[in-house]
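The values are calculated or read from the model by the stated rules, or taken from the named source; none is laboratory data. Remember, predicted model here, so these are calculated numbers, not experimental data. As a convention, Cβ positions derive from the backbone with ideal geometry for all residues, glycine included, and neighbour counts pool all protein chains shown. Note: areas computed on protein heavy atoms with side chains; ligands, DNA, RNA excluded. Shrake-Rupley method; radii C 1.70, N 1.55, O 1.52, S 1.80 Å.
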Amino acid sequence: MSNELLHQIDRLIQKRPMYSEALSVYRDIVIFLNEIEPEVKYVMKDDVISEIKVKEGFPLFSREDLPLDLKAASSLFMRLLEHLSSKKRKDKEALEKALSKAQDHHDWLTNLIAAFLSRDEERVSSIAKEVDLEPMVLKFLTHIALKPSLNKLKTSAGKKINKNAWNYGYCPLCGSYPDMAYLGDQGKRFLHCELCGYEWHYPRLQCPFCKNDQPKKLGYFVSEEEEGFRVDFCKKCRRYIKTLDMRVIEQPAPLELENLITLHLDMLAHEQGFKADESS
Ligand SMILES: [Zn+2]
Ligand SMILES: [Zn+2]
């Protein structure tokens, strides 16, 4: 973990005191990411095949069969639970329960990771219920535990992707939808994958979720508190995406972090009847 990230988190804690609790937890656990050196092995079909896949809109991998190091993820998951359950938290007991479940029943964790990757909300909820933990917390920890593998995969397989040939609203690497977007130089829009963090270009006047490109059915509202933050929405599928205008924002943080500290924008979007994904 680079000191740079920790420095960014500290800066954001000052800037957004209302998120200091969430940020402190994040700061506390990202330190562990460095301790894991996952092995990510996969055989890349030859370039011609991946080129064709891209042309036909197939991501390189699907979420269910991403070549991730599940052993590394499991041990990181347990480290995180160990650490968090040693803290004074409201869900301390539930975290302890989850830890002993993960230690004693290997299947429980394997099952959780599979449910998380296949976006099976019902299964995640029932797994969370077994240990009285909030499904959100469990999903967050599973995601963090998979991060070292995902980062490694993003760096290695990401290079194989021909960014210019990809014009879909889902991630060319893992097929997930974006959780954030940003406007870069000359106002070009990029989407950020909610799972693996890969970023790709996507037309500004088109909904990534339903491809709607009728200007009348697209819109956005801006954050009143801070310049450069906005929410783009689609009136056709009622989905939205938080967008950062990097041309305006001074010192933008990595999008994972910005996502965490812009929950007030999610709330505004929900109030207006928009949703982040199909399930909400
Ligand atoms: Zn992805
Ligand atoms: Zn749409």
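For the chain, what does the helix formula give at 222 nm: sum of -39500 (n - 2.57) over DSSP H segments with n ≥ 4, over the residue count, nearest 500 deg cm²/dmol? Show your work: numbers first, answer last.
On the way: 10 runs with 126 residues, N = 280.
So the calculated ellipticity at 222 nm is -14000 deg cm²/dmol.
Which helices count as membrane-span-like in the chain under these terms: full DSSP H, at least 24 Å along the axis by C-alpha, Kyte-Doolittle mean of -0.5 or more? Mind showing how you got there, number by number?
Working: long enough: 135-158 (31 Å, 0.30).
Length and hydropathy pass: 135-158.
For the stretch 191-270, what are the per-bin percents of Cα-Cα distances with bins 5 Å wide, up to the bin holding the maximum?
All Cα pairs considered, the percentages come to 3, 14, 25, 26, 22, 9, 1.
Which is the longest run of the chain containing none of the GluC sites (Glu not before Pro) found in DSSP loop states (not H, G, I, E, B) with at most 10 other C-beta atoms within 10 Å? Working shown, then result.
Working: sites that count: Glu56, Glu224, Glu225, Glu250.
Here the longest run is 57-223.
Using a 1.4 Å probe on the protein chains only, how many percent of the accessible area of the stretch 209-280 belongs to carbon and sulfur? Show your work: numbers first, answer last.
Values: 1970 of 3990 Å².
It is 49 percent, rounded to a whole number.
Please compute the contact order of the chain in relative form: average sequence separation of alpha-carbon pairs under 8 Å and at least six residues apart, divided by the residue count, as a percent.
Details: 399 pairs, mean separation 42.5, N = 280.
Computed value for the chain: 15 percent relative contact order.
Only Cα pairs under 8 Å and at least 6 apart count here; give the relative contact order of the stretch 138-280 as a rounded whole percent.
Details: 227 pairs, mean separation 25.6, N = 143.
Across the stretch 138-280, relative contact order equals 18 percent.
Report, to two decimal places, the Cα Rg of the stretch 1-86 normalised by 2.2 N^0.38 Å (N = number of residues). Before the final figure, lay out the partial values.
Values: Rg = 18.3 Å, N = 86, 2.2 N^0.38 = 12.0 Å.
After normalising by residue count via 2.2 N^0.38 Å, the value is 1.53.
Would you mind pulling out the separation of the Cα centroids of the stretch 148-205 and the stretch 222-280, in Å?
Result: 17 Å between the Cα centres.
Dividing the alpha-carbon Rg of the stretch 121-257 by 2.2 N^0.38 Å yields what? Numbers along the way, then the final one.
Numbers: Rg = 16.5 Å, N = 137, 2.2 N^0.38 = 14.3 Å.
Normalised Cα radius of gyration, the stretch 121-257: 1.15.
Express the relative contact order of the stretch 1-118 as a whole percentage, based on alpha carbon pairs under 8 Å and six or more residues apart in sequence.
Values: 63 pairs, mean separation 23.9, N = 118.
In percent, rounded to a whole number, it is 20.
Report the one residue of Leu109, Ala145, Cys171 whose Cα lies farthest in the direction of the positive end of the charge dipole of the stretch 24-171 (charges on C-beta: Lys and Arg +1, Asp and Glu -1; origin at the Cα centre).
The residue sitting farthest along the positive end of the dipole is Cys171.
In a shell of Cβ-Cβ distance under 14 Å around Lys97, excluding Lys97 itself, what net charge do Lys and Arg (+1) and Asp and Glu (-1) give? Intermediate values should be presented prior to the final figure.
Working: positive: Arg89, Lys90, Lys92, Lys101, Lys129; negative: Glu82, Asp91, Glu93, Glu96, Asp104, Glu130, Asp132, Glu134.
Spelling it out: positives minus negatives among the neighbours equals -3.
Could you do me a favour and compute the accessible area per residue for the chain, 1.4 Å probe, result in Å²? Working shown, then result.
Details: 14780 Å² over 280 residues.
Ligands and nucleic acids excluded, the result is 53 Å² per residue.
Cut-off under 16 Å on the C-alpha distance; same-chain residues fewer than 8 positions from Lys90 excluded. Which aspartates and glutamates are left, in chain and number order?
Here the aspartates and glutamates satisfying the reach criterion relative to Lys90 are Glu21, Glu82, Asp132, Glu134.
Springs between alpha-carbon atoms under 10 Å, Gaussian network over the chain: tell me which of Leu66, Leu268, Leu80 tops the mean-square fluctuations.
Answer for the Gaussian network model of the chain: Leu268.
At 0.36 nm per residue, and after removing the present C-alpha to C-alpha distance, how many nm does the segment from Ser62 to Asn162 gain when stretched out fully? Walk me through the intermediate numbers first.
On the way: separation 100, 0.36 × 100 = 36.00 nm, distance 1.73 nm.
Fully extending the segment from Ser62 to Asn162 adds 34.3 nm.
Among residues other than Leu153 whose Cβ falls under 13 Å from its Cβ, what is the net charge (Lys/Arg +1, Asp/Glu -1)?
Working: positive: Lys41, Arg63, Lys147, Lys152, Lys154, Lys159, Lys160; negative: Glu39, Asp65, Asp69.
Result for the neighbourhood of Leu153: +4.
Once neighbouring chains are kept in place and the probe is 1.4 Å, which whole percent of the accessible area of the stretch 51-208 is contributed by carbon and sulfur? Don't skip to the answer; put the middle values down first.
Values: 3860 of 7570 Å².
Solvent-exposed carbon and sulfur of the stretch 51-208 make up 51 percent of the total.
Step by step: find N for the chain, compute 2.2 N^0.38 Å, then divide the Cα radius of gyration by it. What's the final number? Let's see the in-between values first.
Values: Rg = 19.1 Å, N = 280, 2.2 N^0.38 = 18.7 Å.
Compared with the compact-globule rule of thumb, the chain sits at 1.02.
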